[in-house]
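A.B. asks: Quick one: the structure is below, questions incoming.
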Amino acid sequence: MKPLLIIKKQGVYGSLQDQGRFGYRAFGIPLSGPMDKVSFQLAHQILNNAQNQTSFEMFIGGFEFQALKEATYVLTGATCLCLVNGSPIEMWKTFQLVAGDILSIKSVKDGSIVYLTPQGGFHTESILGSKSCLPIAGHALNVGSMLYGQPIEPLPYTRGLYAPYRPLFQTALTVRIFKGPHFELFTDDSKHQFLTSPYQFTGGNRMGYYFKGSVLHMENRKDILSEATQYGTIQVPQNGEPIVLMADAQTVGGYPIIATIHEDDLHKVAQLRMFNTIKFALMEE
């Protein structure tokens with residue numbers, strides 16, 4: 001491996017992610033992996049990388065990197081202002097950095113998560129079969145951290161994805177859901193409100209996204225057995241406002257589970273910004 005970049009300025013949050021850590025949920029280890037699998041996978045396809053390579057995932061930009069070696073990269077995900085040595089570059093197309101270049105990820109406009117991916121992917125230690133960041137193992141990246149890559153010659157030509165084929169990040173989403181194990185424990189009015197009213201995204205992280213809207217009530221508030229959870233599980237805590245569990249969420253939860261979001265819609269949820277809205281559409285059984 002070779003050193004590619006050094007972090008000069010730190011944004012809101014960044015982590016290295018591959019496809020995820022499979023086979024350990026029974027031991028309480030989250031799946032992890034990219035929050036927006038579509039933007040992540042497209043980056044590696046653009047670069048013609050081998051399967052399950054690693055990208056650097058950033059929330060809301062703010063990062064600045066200095067190049068240590070020449071390499072080819074692509075930026076995918078949320079629309080943002082990206083600069084190389086102060087000059088704008090286009091996302092979804094490959095670009096080159098040489099030693100000393102400064103890459104800046106500035107303001108994010110549409111969406112919230114950006115992926116920086118080098119040719120060959122980033123290289124880092126594998127833990128439990130995955131290179132995805134495992135917070136409990138202390139994988140935090142800070143100012144001064146170095147990102148390593150593969151000893152690959154830079155691409156001699158530009159590759160990219162035409163604009164019509166790039167994902168669009170909406171401010172008002174409708175996502176498909178399946179009933180959860182506790183759906184029928186909620187009042188008829190709460191079930192109606194849940195399926196017809198929009199909920200506003202109020203914040204969150206890689207563990208969970210919080211939403212504000214019509215308060216949901218159970219017919220009878222009572223203790224329930226803890227249930228297995230997954231990326232996309234919708235829990236309802238005592239305040240009655242739903243929480244969507246995300247890629248780093250716990251594997252078991254004690255809050256009632258009203259529904260689970262369809263896997264193919266999770267990348268859209270991941271890219272929500274503060275005060276965007278979401279509606280839930282029940283899939284036919």
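A.B. asks: Taking 0.36 nm per residue of separation and subtracting the Cα-Cα distance, what length does fully extending GLU70 through GLN170 add?
C.D. replies: Stretched out fully, the GLU70 to GLN170 stretch lengthens by 32.5 nm.
A.B. asks: Which FRET efficiency, nearest 0.05, do ILE102 and LYS212 yield, Cβ-Cβ r, R0 51 Å?
C.D. replies: Step by step, r from the Cβ atoms, then E = 0.85.
A.B. asks: With a 10 Å cut-off between alpha carbons and a GNM built on the chain, which of VAL114, VAL252, VAL236 moves the most?
C.D. replies: VAL252
A.B. asks: Of all beta bridges DSSP finds with both residues in the chain, what is the antiparallel percent, to the nearest 5?
C.D. replies: Of all bridge pairs located within the chain, approximately 90 percent are antiparallel.
A.B. asks: Here is a follow-up. Once the other residues with Cβ under 13 Å from the Cβ of PHE59 are scored (Lys, Arg +1; Asp, Glu -1), what is the net sum? Provide the component values of the computation, followed by the final result.
C.D. replies: On the way: positive: ARG206, ARG273; negative: ASP36, GLU57, ASP248.
Combined, the nearby Lys, Arg, Asp and Glu give -1.
A.B. asks: Further, regarding this structure: If the elastic network links every pair of Cα atoms under 10 Å, which of ALA249, ALA140, ALA43 fluctuates the most in the Gaussian network model of the chain?
C.D. replies: The residue that fluctuates most here is ALA140.
A.B. asks: If you roll a 1.4 Å probe over the heavy atoms of the protein chains, what accessible area per residue do you get for the chain, in Å²?
C.D. replies: Accessible area per residue, the chain: 46 Å².
A.B. asks: How high is the relative contact order of the chain? Use alpha-carbon pairs under 8 Å, at least six apart in sequence, and give a whole percent.
C.D. replies: 22 percent
A.B. asks: Please give me the summed charge of the neighbours of THR171: other residues whose Cβ is under 15 Å from its Cβ, Lys and Arg +1, Asp and Glu -1.
C.D. replies: Working: positive: LYS109, LYS268, ARG273, LYS279; negative: ASP110.
Around THR171, the surrounding residues sum to +3.
A.B. asks: Can you classify the stretch 34-170 as rounded, prolate or oblate using the Cα gyration tensor, where a ≥ b ≥ c are the square roots of its eigenvalues, rounded means a/c under 1.5, and otherwise it's prolate if a/b beats b/c and oblate if not?
C.D. replies: rounded
A.B. asks: Under unit Cβ charges (Lys, Arg +1; Asp, Glu -1), what dipole magnitude, rounded to 20 debye, does the stretch 105-232 have relative to its Cα centre?
C.D. replies: In total the dipole reaches around 360 debye.
A.B. asks: Around SER126, with a cut-off of 12 angstrom between Cβ atoms, what is the net charge of the other residues, counting Lys and Arg +1 and Asp and Glu -1?
C.D. replies: Neighbourhood net charge equals 0.
A.B. asks: What lysines could a cross-link reach from LYS109, if we take a straight Cα to Cα line under 26 Å and drop same-chain neighbours fewer than 8 places away?
C.D. replies: LYS8, LYS9, LYS37, LYS93, LYS212, LYS268, LYS279
A.B. asks: Here's something else I'd like to know. Taking only Cα atoms, what is the 0 to 90° angle, nearest 10, from helix 37-46's long axis to the longest principal axis of the chain?
C.D. replies: For 37-46 against the chain, the angle is about 20 degrees.
A.B. asks: If you don't mind, another one. With charges only on Cβ, +1 for K and R and -1 for D and E, what is the dipole size of the chain about its Cα centre, in debye, rounded to 20?
C.D. replies: Using Cβ point charges on Lys, Arg, Asp and Glu, the chain gives about 580 debye.
A.B. asks: Report the Cα centroid-to-centroid distance between the stretch 79-106 and the stretch 228-248 in angstrom, as an integer.
C.D. replies: One Cα centre to the other: 36 Å.
A.B. asks: Rank THR251, THR196, THR171 by mean-square fluctuation in a GNM of the chain with C-alpha springs under 10 angstrom and give only the top-ranked residue.
C.D. replies: THR196
A.B. asks: For the chain, what is the mean residue ellipticity at 222 nm derived from helices alone (per DSSP H run of n ≥ 4: -39500 (n - 2.57); sum divided by total residues; nearest 500 deg cm²/dmol)?
C.D. replies: Only helices count here, giving -2500 deg cm²/dmol.
A.B. asks: Related question: Before anything else, pin down the relative contact order of the stretch 1-64: Cα pairs under 8 Å, at least 6 apart, normalised by residue count, whole percent.
C.D. replies: 51 percent
The values are calculated or read from the model by the stated rules, or taken from the named source; none is laboratory data. Since we're looking at a predicted model, the values are computed, not measured. Ideal geometry is used to build each Cβ from the backbone, glycine not excepted, and the neighbour counts take in all protein chains shown. The protein model used for the area step is the full one, side chains on, heavy atoms only, and it has no ligands, DNA or RNA in it. Shrake-Rupley method; radii C 1.70, N 1.55, O 1.52, S 1.80 Å.
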